[in-house]
Amino acid sequence: MDENDWLAGRLEASRPRLRAMAYRMLGSLSDAEDAVQDAWLHAAGADPGAVDHLEGWFTTIVARVCLDRLRSRKSRREEPLDAEEPLDAEKAMVAGPEQEAVLADSVGLALLVVLDTLAPAERVAFVLHDMFALPFAEIAAITGRSSAAARQLASRARRRVRGPAPVSRIRLARQREVAEAFLAASRGGDLDALLAVLDPEVVLHADAASVPSGVPMTIRGAAAVARAARAASGRSRYSGVALVNGTPGIVMAPRGRLVLVLALTIGDGNISGIDVIADPGRLAELDLAVLGG
């Protein structure tokens, strides 16, 4: 076996870990696979005898590839789906691979959404340190910063991920139960369960970007809103519960990138208002965070 074959074998053995790391950085399974493959192209032909720690070397290469991809994505303001064509977007989501949805559930879709709001270097530093326990000295080399700056990157990202401390944890827990019940009922197309969590006088407002006609829409009453939620059950497989402006809401993010939010108004154990947001400008203004525990 020549050195190149041996190196390929070692990279293949490390692929699950490297792919998991790249997925958390990029939010897409296909992008993660591509990043690991790009890393192999960088590594192929190198002298493995000159590398002190092969696993760390693989990690560094993959992380740098991911950082470059994130920077390119930000500079192009890349949109994974065309916000102006909601019908096509929904077809793309329904047709997406089941593996992607399962993986998003295992990592936490809300976490992927919040990570996507971070600057590239912040996201890389947070993933490498908080999720893969890489020392800041190594993160500094990857990001081109000092160790102290790398620590600050991860710290800023951590604050964004956690969000502000809630005023009342008991109230937040109750609101979370309602949001999770609504999402579960929507996923299952359970009309009775939807009615159970909706206020009889609930009002749903949908912005133009979230409606196929491109015209803002208002739906009033629990029965009508429940029917609309059941009709959109295909979207829910790419959705999760997150903090939206301090209140539990629903985020929809195929391939880990935010395309739609249901900002919920929750009181007295049910949902009295739903603001459906898909306009990119409005999405960018939302304060999103991961619900703890």
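Do we find a residue being surrounded by 15 or more Cβ atoms within 10 Å (Cβ to Cβ) and under 14 Å from the mean Cα position of the chain (by Cα) anywhere in the range 261-276?
Yes.
Is it the case that Lys91 is under 24 Å from Gly240 (Cβ atoms), modelled with pLDDT under 70, under 20 Å from the mean Cα position of the chain (by Cα) and among the basic types (Lys, Arg)? Before you say what the answer is, go through the steps one by one.
Working: under 24 Å from Gly240 (Cβ atoms): yes; modelled with pLDDT under 70: yes; under 20 Å from the mean Cα position of the chain (by Cα): yes; among the basic types (Lys, Arg): yes.
So Lys91 fits the description; yes.
Output yes when any residue across the range 36-53 is open to solvent by 80 Å² or more (accessible area, probe 1.4 Å) and at pLDDT below 70, and no when none is.
The answer is yes, given that some residue of the range 36-53 is open to solvent by 80 Å² or more (accessible area, probe 1.4 Å) and at pLDDT below 70.
At pLDDT below 65, under 24 Å from Val259 (Cβ atoms) and open to solvent by less than 40 Å² (accessible area, probe 1.4 Å): is that true of Gly27 in this structure?
no
Can you tell me which residue is surrounded by the fewest Cβ atoms within 10 Å (Cβ to Cβ) among those in the range 206-229 that are part of a loop (DSSP other than H, G, I, E, B) and of a type in the set (Val, Ile, Thr)? Break it down into steps so the answer makes sense when it comes.
Let us first name the residues in the range 206-229 that are part of a loop (DSSP other than H, G, I, E, B), namely 207, 211-216, 221.
When the remaining residues are screened for being of a type in the set (Val, Ile, Thr), the result is 211, 215.
Working: Val211: 15, Val215: 9.
Taking the candidates together, the pick is Val215.
Quick check on Ser210: is it in contact with a Pro (Cβ under 7 Å, 6 or more places away or on another chain) and at pLDDT below 95?
Yes, satisfied.
Does any residue in the range 267-293 that is on the phi < 0 side of the Ramachandran plot and of a type in the set (Lys, Arg) come within less than 7 Å, Cβ to Cβ, of a residue that is open to solvent by less than 60 Å² (accessible area, probe 1.4 Å) and outside any strand (DSSP E or B) six or more places away or on a different chain, and which pairs are these?
Once the first residue is on the phi < 0 side of the Ramachandran plot and of a type in the set (Lys, Arg) and sits in the range 267-293, its partners that are open to solvent by less than 60 Å² (accessible area, probe 1.4 Å) and outside any strand (DSSP E or B) give Arg282/Asp207.
Is at least one residue of the range 98-109 open to solvent by 40 Å² or more (accessible area, probe 1.4 Å), at pLDDT 90 or above and closer than 28 Å to Glu55 by Cα? Step through it out loud before you land on a result.
Narrowing the range 98-109 to residues open to solvent by 40 Å² or more (accessible area, probe 1.4 Å): 98-99, 102-103, 105-106.
This time we only want the ones that are at pLDDT 90 or above, so: none.
For the range 98-109, residues open to solvent by 40 Å² or more (accessible area, probe 1.4 Å), at pLDDT 90 or above and closer than 28 Å to Glu55 by Cα: absent.
Quick grid of which residues meet (1) open to solvent by 40 Å² or more (accessible area, probe 1.4 Å); (2) within 19 Å of Val36 (Cα to Cα); (3) modelled with pLDDT of 95 or more:
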residue	(1), (2), (3)
Arg71	yes, yes, no
Asp116	no, no, no
Ala119	yes, no, no
Met131	yes, yes, no
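Restricting to the range 230-258, name every residue that is farther than 22 Å from Pro280 by Cα and either in contact with a Leu (Cβ under 8 Å, 6 or more places away or on another chain) or in a loop (DSSP other than H, G, I, E, B) (or both).
Within the range 230-258, just Arg230 meets the criteria.
Residue by residue through the range 233-260, note down the ones that are among the small types (Gly, Ala, Ser), free of Cβ contacts under 8 Å to residues at least 60 places away in the same chain and open to solvent by 10 Å² or more (accessible area, probe 1.4 Å). Lay out the reasoning, then the answer.
At the first step, the residues of the range 233-260 found to be among the small types (Gly, Ala, Ser) are 233-234, 236, 239-240, 242, 246, 249, 253, 256.
Among the residues that remain, those that are also free of Cβ contacts under 8 Å to residues at least 60 places away in the same chain are: 233, 236.
Answer for the range 233-260, where residues must be among the small types (Gly, Ala, Ser), free of Cβ contacts under 8 Å to residues at least 60 places away in the same chain and open to solvent by 10 Å² or more (accessible area, probe 1.4 Å): just Ser233.
Restricting to the range 191-205, name every residue that is open to solvent by 20 Å² or more (accessible area, probe 1.4 Å), in contact (Cβ under 8 Å) with a residue 12 or more places away in the chain and outside any strand (DSSP E or B).
Hits for the range 191-205 are Leu191, Ala193, Leu195, Ala196.
Are any residues in the range 109-127 of a type outside the set (A, V, I, L, M) and either out of contact with any helix residue (DSSP H, G or I) (no Cβ under 7 Å at 6 or more places or on another chain) or in a loop (DSSP other than H, G, I, E, B) (or both), and if so, which ones?
Restricting attention to the range 109-127, the residues satisfying the condition of being of a type outside the set (A, V, I, L, M) are 116-117, 120, 122-123, 126.
Of everything in the range 109-127, those that are of a type outside the set (A, V, I, L, M) and either out of contact with any helix residue (DSSP H, G or I) (no Cβ under 7 Å at 6 or more places or on another chain) or in a loop (DSSP other than H, G, I, E, B) (or both) turn out to be Asp116, Thr117.
Is it true that some residue in the range 165-180 is in a helix (DSSP H, G or I), closer than 22 Å to Tyr23 by Cα and open to solvent by less than 80 Å² (accessible area, probe 1.4 Å)?
Filtering the range 165-180 down to residues in a helix (DSSP H, G or I) leaves 169-180.
With closer than 22 Å to Tyr23 by Cα added as a condition, the list becomes none.
Within the range 165-180, not a single residue is in a helix (DSSP H, G or I), closer than 22 Å to Tyr23 by Cα and open to solvent by less than 80 Å² (accessible area, probe 1.4 Å).
Being under 16 Å from the mean Cα position of the chain (by Cα) and touching a residue at least 40 places away in the same chain (Cβ under 8 Å) narrows it down to one of Ala141, Ala119, so name that one. Before the answer, list the steps.
On the way: Ala141 fails: under 16 Å from the mean Cα position of the chain (by Cα).
Unique residue meeting the criteria: Ala119.
Say whether the condition of being in contact with a helix residue (DSSP H, G or I) (Cβ under 7 Å, 6 or more places away or on another chain), surrounded by 15 or more Cβ atoms within 10 Å (Cβ to Cβ), assigned to a helix (DSSP H, G or I) and at pLDDT below 90 is met by at least one residue in the range 142-160.
Yes, some residue in the range 142-160 is in contact with a helix residue (DSSP H, G or I) (Cβ under 7 Å, 6 or more places away or on another chain), surrounded by 15 or more Cβ atoms within 10 Å (Cβ to Cβ), assigned to a helix (DSSP H, G or I) and at pLDDT below 90.
Of the conditions (1) touching a strand residue (DSSP E or B) at 6+ places or on another chain (Cβ under 6 Å); (2) in a strand (DSSP E or B); (3) not acidic (Asp, Glu), Ile266 satisfies every one except a single condition; which number is it?
Going through (1) touching a strand residue (DSSP E or B) at 6+ places or on another chain (Cβ under 6 Å); (2) in a strand (DSSP E or B); (3) not acidic (Asp, Glu) one by one, Ile266 breaks only (1).
The values are calculated or read from the model by the stated rules, or taken from the named source; none is laboratory data. Note that this is a predicted model, so its numbers are computed, not measured. Using ideal geometry, Cβ is built from the backbone for each residue, glycine included, and neighbour counts are taken over all protein chains shown. Just the protein is used for accessible areas: all its heavy atoms, side chains included, with ligands, DNA and RNA removed. Shrake-Rupley method; radii C 1.70, N 1.55, O 1.52, S 1.80 Å.
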